[in-house]
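Data block below; observations after.
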Amino acid sequence: MKTKKAPVRRKTPAKLAAPEKVKIRQLPTGVRGLDEIMHGGLPEFSFNIIAGAPGCGKTTLAHQIIFANATPQKPAIYFTVLGEPAIKMLRYQQQYSFFDPAKLGKAVRFINLSHVVLEKDLGGVLEEITREVQASNPSIVVVDSFRTVVRKALGGESELALQAFIQRLALLLTSWEATTFLIGEYTEGEARDNPIFTVADGLFWLTQNAERNSVVRKLQLIKMRGQDAVPGLHTIRITGDGLQAFSRTLGMVGRKARPARTRRLSTGVPELDKMLGGGILEGDSVLVSGPSGTGKSALATHFLAEGLRKGEAGIAAIFEERPAGYAARARAFGLDLDKPQKNGMLELLYLRPLDLSVDETMQEILDAVKRIKAKRLVIDSLVGFEMALAPGFREDFRESLYRMIAALTGAGVTIFTTVEIEDSFTQMQFSHYTISFLTDDIIRLRYVEIDGQLRKIMVVIKMRGGNHSKDIREYVITDEGVVLIHPRQTEYTRLTTGLPERIGQLPPELAPEPKAKT
Amino acid sequence: MPKDFARCLLVHVAAVSKPASDDTSAAFHICEELRVPLGKMLGVEGFRSLLARAQVLASVDVPWLKALVIEQDGSFAGMKERRLRLDARATVDGELALVGHLLGLLVVFIGPALTLRLLHEVWPDWTV
């Protein structure tokens, strides 16, 4: 009887069992924010298109990429073709801070192909590019504008010839280990069935829209083979440093879970702290809403000054008042915002260019938070913030605000936001923006008519994660700032309507509200 | 400043290029040397335009420069014949004016830093 042999298991070499995947190296773009959008940078040896209408920043983007990567050993070749003359390109581009004249010539080489495009067919153009690529062994190749090459091709050659040219060009540049960028003025409709877009590994689409008085520039990574990228439209801005990109998910990526909140922060108004059960929980987002003149900014200043007194750095993003005016008003309450600014403990960010995006504002604030290690942030006010945004960005205000608050509180910052609302005498609103869900705590300030005076009351509407007083308290604004003056009113009902009814007995003589010193 | 650059460069080029018996002047030599890198960067037409503008500007002070012809490839024609008919002083004036204006145009467009960088690429031993 034959014994059944146990099957012999072949040992598989470890290398074959788990072959290593090719690792695609990523190149820095040199554009702040863009590497984050691309989850690390540009895939090496990729064949890319930078498309968009004139004035979107295509050439500047390409220049930033080449100056960030080119070295004399692995230079960048910038082919110019019947577009902006190279002499003017150099004239304008050297104004940007990233432009390094020392790289010109050896690391960054400009080559004009205009005469070749005019005089030769696509084969001749490819021959010239090949010659230059083989002579320089570049790490990056840019053709600006490739659209001109295509136009020339379509003028005299078949579409098939164009497709073959692009295919051969892509093959050549990839084989020579070059990361390539073809720049073209394309409209969105042209992307369909276009052989260039089919061959491309990456497609950077830049747009520029004028909305009323502002210009909004956006970047979209429509295609990116071999790696992930943040989808959607990202705001870009062109400054003296070149392009800066603001990811649609700025602040959300790599966000830490909010730390366990146990510490309470004083608002600087002792009676308000009591109403808040001991103060604001650290990392909370507080919304203070009320009509004009009720002391929202004064409360915000108390909050900042109290933090500074305890050694906590703070930031105030102000939109309606200039820093000098803001500090002067604080001074009137005996609160010093000048010295902490000089000491680097406080930054008053005045943001009012009227074409901001929330992402840019958020970046400014996040940078400032990082810079001075801020623990407290005041946004004064949401109405001013919205006004500072370009009209196109106002549509996404709520979503953007959500991201901003989540990002900042996630970083452990306690946010004190003010919002102006009109007092209605039939209902009590918290805010126009329906953003109450974004905030942990809500403090409502309002006017009430009592005994022939327009007085001010304050109530804590909501406090996530803690109990709070339900009292409606009267307060005044004096030379000491916001001062709560009476215990809760039991003489009146319907205080929240602004038109209360007396239910208690009339006191023999009513003391008028103390006046602030002028 | 471009004129000082030009004077300095002409002296350098005259010293390092072929002997004076050669039929090419220092200015011609400079234009020829610049034609290749500038033509590559700006395109032949771009270089030709700059040179033509420099010629017109320089001709105001040195009329004999008007007679020079710029070929399609950006090179000068007629320099040799002209020089033979001129005295040394007139030649030097013409060369200085032409190169000075060419460098001047480069400085206007791309600035002194890039212009100097470009000249150093062509004449690495040259010092201002």
Residue ID - surrounded by the most Cβ atoms within 10 Å (Cβ to Cβ), chosen from residues in region B:59-94 that are in contact with a helix residue (DSSP H, G or I) (Cβ under 7 Å, 6 or more places away or on another chain) and within 30 Å of A:Gly83 (Cβ to Cβ):
B:Gly74
Just one of the numbered conditions (1) within 11 Å of chain A (Cβ to nearest Cβ); (2) outside any helix (DSSP H, G or I) is not true of B:His120; which one?
(2)
Within region B:27-47, the residues that are more than 8 Å from chain A (Cβ to nearest Cβ), small (Gly, Ala, Ser) and surrounded by fewer than 24 Cβ atoms within 10 Å (Cβ to Cβ) are none
Selection over region A:64-82 where residues are surrounded by 19 or more Cβ atoms within 10 Å (Cβ to Cβ), more than 10 Å from chain B (Cβ to nearest Cβ) and either at pLDDT below 95 or over 14 Å from A:Ser145 (Cα atoms) (or both) yields a count of 10
Go over the candidates B:Leu84, B:Leu98, B:Leu103, B:Leu114 one by one and state the one that is free of Cβ contacts under 8 Å to residues at least 12 places away in the same chain, more than 13 Å from chain A (Cβ to nearest Cβ) and either more than 20 Å from B:Ser17 (Cα to Cα) or in a helix (DSSP H, G or I) (or both).
B:Leu84
Please determine whether any residue of region A:96-111 is among the aromatic types (Phe, Trp, Tyr), part of a helix (DSSP H, G or I) and crowded, with 21+ Cβ neighbours inside 10 Å.
no
When you scan region A:331-349, do you find a residue that is among the polar types (S, T, N, Q) and surrounded by 20 or more Cβ atoms within 10 Å (Cβ to Cβ), even just one?
no
Region A:461-497: number of residues that are under 26 Å from A:Arg329 (Cβ atoms), touching a Lys or Arg at 6+ places or on another chain (Cβ under 8 Å), part of a strand (DSSP E or B) and not β-branched (Val, Ile, Thr):
4
Quick one: which residue in A:Ile87, A:Ile65, A:Ile37, A:Ile50 is in contact with a Ser or Thr (Cβ under 6 Å, 6 or more places away or on another chain) and closer than 22 Å to A:Leu104 by Cβ?
A:Ile65
Show the residue pairs meeting these rules: Cβ distance below 7 Å; 6+ apart or different chains; first residue within region A:494-510 and of a type in the set (D, E, K, R) and modelled with pLDDT of 70 or more; second residue assigned to a loop (DSSP other than H, G, I, E, B) and surrounded by 10 or more Cβ atoms within 10 Å (Cβ to Cβ).
A:Arg494/A:Pro500; A:Glu501/A:Arg494; A:Arg502/A:Glu491
Please find, within region B:24-57, the residue that is nearest to A:Leu90 (Cα to Cα) out of those that are free of Cβ contacts under 8 Å to residues at least 60 places away in the same chain and not in a helix (DSSP H, G or I).
B:Gly43
Could you tell me whether any residue of region B:66-79 is over 25 Å from B:Trp126 (Cα atoms) and part of a helix (DSSP H, G or I)?
yes
Just one of (1) more than 26 Å from A:Glu177 (Cα to Cα); (2) surrounded by fewer than 20 Cβ atoms within 10 Å (Cβ to Cβ); (3) under 32 Å from the mean Cα position of the chain (by Cα) trips up A:Pro85, so point out which.
(3)
Please go through region A:191-210 and give me each residue that is surrounded by 15 or more Cβ atoms within 10 Å (Cβ to Cβ) and not aliphatic (A, V, I, L, M), ordered by number.
A:Asn194, A:Pro195, A:Phe197, A:Asp201, A:Gly202, A:Phe204, A:Trp205, A:Thr207, A:Gln208
Just name the residue that is farthest from the chain's Cα centre (by Cα) out of those in region A:395-438 that are modelled with pLDDT under 80 and β-branched (Val, Ile, Thr).
A:Thr426
Based on what the data block shows, is A:Glu177 more than 14 Å from chain B (Cβ to nearest Cβ) and in contact with a Lys or Arg (Cβ under 6 Å, 6 or more places away or on another chain)?
no
If I filter region A:48-65 for residues that are over 23 Å from A:Lys218 (Cβ atoms) and either touching a Lys or Arg at 6+ places or on another chain (Cβ under 6 Å) or not hydroxyl-bearing (Ser, Thr, Tyr) (or both), do I get at least one hit?
no
Is it the case that some residue within region A:157-164 is at pLDDT below 90, closer than 30 Å to B:Val107 by Cβ, out of contact with any Asp or Glu (no Cβ under 6 Å at 6 or more places or on another chain) and not aromatic (Phe, Trp, Tyr)?
no
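The values are calculated or read from the model by the stated rules, or taken from the named source; none is laboratory data. It should be emphasised that the depicted structure is a prediction, and the values quoted were computed from it without experimental measurement. Every residue, glycine among them, receives a Cβ derived from its backbone with ideal geometry; neighbour counts consider all protein chains shown.
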